[in-house]
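Accompanying notes for the structure given below.
The values are calculated or read from the model by the stated rules, or taken from the named source; none is laboratory data. Just so you know, these numbers come straight off a predicted model, no measurement behind them. Neighbour counts are summed over all protein chains in view; Cβ atoms, including those assigned to glycine, are modelled from backbone coordinates with ideal geometry. All accessible areas refer to the heavy atoms of the entire protein, side chains included, with ligands and DNA or RNA removed. Shrake-Rupley method; radii C 1.70, N 1.55, O 1.52, S 1.80 Å.
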Amino acid sequence: MDLEIRNFPLNQIHESTTNPRKHFDDEFLKELADSIKEKGILEPLLVRPLGQTAVEVVAGAQRLRAAKLAAVDTAPCIVRDITDDQAIEIQLIENLQRRDIHPLDEGEGYDQLLKKGKYTVATLAAKIGKSESYVYQRRKLAELIAPAKRLWLNGNGIMQLGHALLMSRLQPDQQKEMLKRINQECSVRSLQDELQNRVYWSLKDAAFPTDNPDLVPAAGSCVECPKRTGANPLLFPDVKETDTCTDPACFESKERAFVKLQVGTHQDAVLLTAGERVYGDQKTKGLKPQDWEPIGGKKCDHTAEGVIVELNTYSRFSRPKEFKLGQRLEVCTNVEKCKVHGARGRIMDSGGTGRTLTPGQKKQRVKQKRDWLIVQTTHALLLRKMCEHSQRTEDLRRTVMKIMEDYQFKYVAPLLASGFGLLYDGKTPSQKAYDAQEKLQKYMKSAKREELLGFLVAYPITPNGPNDGSGPLVKKIAAEFDIKPAAVEKLIDNGKKKTPKKGSRK
């Protein structure tokens, strides 16, 4: 290539339309302009000829803008004869290796390079000195919907890189839904929990054949689907289970298609509704849950083949693990009158369905009750410890607000809001829950110490923590108050000691 260094008047230097850097930091440009006024332009711009007198910037757009702010007359340039393709590649690589580039520009730059076909993810990662996972995740940012990009660029820090990386892996309609949560200023951790709870579905929970491309032809096979986390583990480093579907609408469409296929194939089968007990006149698509059960190898006069066509549950988390939509099994269809599978003398399970508990389930039930007592006792001890440990109301407030960030918190928000005498509104249960949460958040921002402690006492605790699968609430609170792990374990031990065992007279 021909190489030449010249000083060009600024009015003859034009910015390139193919520059991947679209967003410039005004504060940085001002600092750079002040440096140019004092020391001049220390690093020449890389340009290429544009007509007889003008040149186009290939690398150095920020220096050109800063030079104009500094009101200098000329800028030193390295002139090269570069083709359009070469210019684009130089611009992308040169800009993408700079630390101050916006992640969105970086992601769109990677996307441009990979679409041109000259690089693979592996070769591009080696070229820029990043991991393949880094390139995959940054490239995905280019698939953010326009409102998400605008919020990220102009939202005053409401949307962060962590939010963007999580959202970019979703379908456009899912991104719109999650954007509402980000606008409510939820944390990255809360968004991650919500995706785990509402969006990600384990393919192990599916009765339909995940390798069948004809079940829903438009969707194809789950095994080959790019929306399955296992199809690209580098894009989902935070999701441990590789067989996870990230498109719940597609998952549910396959469940419906499989149920229809099963019913059509086994026309003599009894239609079954599984899950929670059905009370009153509530209609179901199949035989009510309390009226049937698997025969367990013991046939009776009421034994028949059945297909589960409906799951009567409050949420996806209350779905019974042993039953799946479209599942075919042999069942007793008249539990009330059956002499073999009748309900007389049997232990009722937690759902009130009358099914017999296995010895393992009975043991687990006892353990759960014991764990519940331990956690409740530990909670009381920890509250006492908090009062001794911290006299600052703001410490308590920070703990309370952190609990409120949890998506699962909304389900108990109306109960707690009513307890504090707060009025909330909404047409649907979900709207009421969100409105109650907002009212509580506003109230707790100015609540007194006694009210904050009252909130913590009233907040329901389960043996597995605050319904988010992240461990006992006591450990979360302890971390907020900087109580050492050993001290927390000691509290738990004290809780066990003070919890009466079965058969104790205490």
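How much accessible area per residue does segment 239-294 have, in Å², with a 1.4 Å probe?
Numbers: 3060 Å² over 56 residues.
The answer is 55 Å² per residue.
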**Asked** At a probe size of 1.4 Å, how large is the accessible area of K149, to the nearest 10 Å²?
**Response** 40 Å²
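Give me the dipole magnitude in Debye, nearest 20, for segment 193-322 about the Cα centre, with unit charges on the beta carbon: positive for Lys and Arg, negative for Asp and Glu. Don't skip to the end; give the middle numbers.
Details: 17 positive and 21 negative charges, 29 e Å.
My answer is approximately 140 debye.
As a test of reading the structure, rank Y443, Y200 by solvent-accessible area (1.4 Å probe, protein chains only), most first. Could you put the intermediate results ahead of the total?
Numbers: Y443 65, Y200 10 Å².
Reading off the accessible areas and sorting them downward yields Y443, Y200.
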**Asked** Which distance in nm do the two modelled labels at Q196 and N11 give, with both placed 7 Å along the Cα-to-Cβ direction?
**Response** 6.2 nm
**Prompt:** Remind me, relative contact order of segment 8-110 in percent, using alpha carbon pairs under 8 angstrom and six or more residues apart?
**Reply:** 38 percent
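What does the net charge come to around L215 if you take all other residues with beta carbon closer than 11 Å to its beta carbon, with K and R at +1 and D and E at -1?
On the way: positive: K254, R256, K260; negative: D211, D214, E255.
Around L215, the surrounding residues sum to 0.
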